[in-house]
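The values are calculated or read from the model by the stated rules, or taken from the named source; none is laboratory data. Bear in mind the structure is a predicted one, so any value in this text is a computation, not a measurement. Positions of Cβ are backbone-derived with ideal geometry, glycine not excepted, and every protein chain shown enters the neighbour counts. Ligands, DNA and RNA are excluded from the accessible area calculation, which covers all protein heavy atoms including side chains. Shrake-Rupley method; radii C 1.70, N 1.55, O 1.52, S 1.80 Å.
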Amino acid sequence: MNAGSRIPLWIIALLAAICLGVLAWTTFGFVVPFKHETGQAVLDVYFAGYDELTVGRMQRLLGENEIANNLLRAMYAGPELIFPALLTALLLLVLMRLRPSGSYFNRPIRPSLVKLVYALPFIYGLADYGENISSLVAFGDSAWTDQAADLLPWMTPLKFASLAICLIVIARFALVRAMHREQSER
């Protein structure tokens, strides 16, 4: 019996439901009120990324609007403090349940590649926490504000790219597993 097969599906479903609940908390508790207060979206939802000018505009906006500043800080102290860890755990458990193995272009997948696959959720988690920390520093009063503001436009695309890669890998292994199950039933 493999370690991944011992992970009950109900645990993964429960963790997915908790992730959706925290995402709803973030969205309806902070992102929507921030948009209502300022007319702008928080930078965390810019899927395609943004540039230094956008960060500068957000810095000015938060300096002028105390309610928006408090909303953003509360978002990072609340749901954004736990969401990256929850999603990282969910992605890792799904990968463990799928037990990445098999072949790729008719060659067996090397153990080192399987270890890299298991590292993907952690890359996402680190990128998400890095973005959150960069945001807090860039939009605060710190000696590192300028450096964090320069780093921030790179962190959001890195977060979404690592998440997308992780989801693509999960989809690939899920499809391969489903195809093998279908072939063994014949």
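Quick notes
- Sites ARG57 and ILE12 - FRET efficiency at Förster radius 45 Å, r taken between beta-carbons, to 0.05: 0.65
- 25 °C / 0.890 mPa s Stokes-Einstein diffusion coefficient of segment 77-146, Kirkwood radius on C-alpha pairs, µm²/s: 172 µm²/s
- Residues GLU52, GLU64, GLU37, GLU80, ordered by accessible area of protein heavy atoms at a 1.4 angstrom probe radius and largest first, appear as GLU64, GLU52, GLU37, GLU80.
- Cα-Cα P(r), segment 1-75, percent of pairs per 5 Å interval: 3, 13, 19, 17, 13, 8, 8, 7, 5, 4, 2, 0
- Taking a Cβ cut-off of under 14 Å around VAL42, the surrounding Lys, Arg, Asp and Glu residues balance to a net charge of -1, with basic ones at +1 and acidic ones at -1.
- Debye log10 I(q)/I(0) at q = 0.10, 0.12, 0.16, 0.17 Å⁻¹ for segment 57-186, Cα point scatterers: -0.46, -0.59, -0.84, -0.90
- Extended-chain gain in nm, criterion 0.36 nm per residue less alpha-carbon gap, ILE133 and ASN65: 22.4 nm
- Among SER112, SER134, SER142, the order of accessible area from largest down is SER112, SER142, SER134, computed with a 1.4 Å probe on protein heavy atoms.
- Calculated FRET value between ARG172 and GLU37, using beta carbons and R₀ = 45 Å, to 0.05: 0.65
- In terms of its C-alpha gyration tensor, segment 15-54 has an oblate overall shape, because the principal axis ratio a/c (a ≥ b ≥ c, square roots of the eigenvalues) is not below 1.5 and a/b does not outweigh b/c.
- Computed [θ] at 222 nm, helices only, for the chain once each DSSP H run of length n ≥ 4 contributes -39500 (n - 2.57): -25500 deg cm²/dmol
- Largest accessible area first, the residues LYS35, LYS159 order themselves as LYS35, LYS159 under a 1.4 Å probe with ligands, DNA and RNA left out.
- With DNA, RNA and ligands ignored, accessible area of ASP146 (1.4 Å probe; Å², nearest 10): 110 Å²
- The chain: angle of helix 9-26 to the longest principal axis, Cα-based, in degrees nearest 10: 10 degrees
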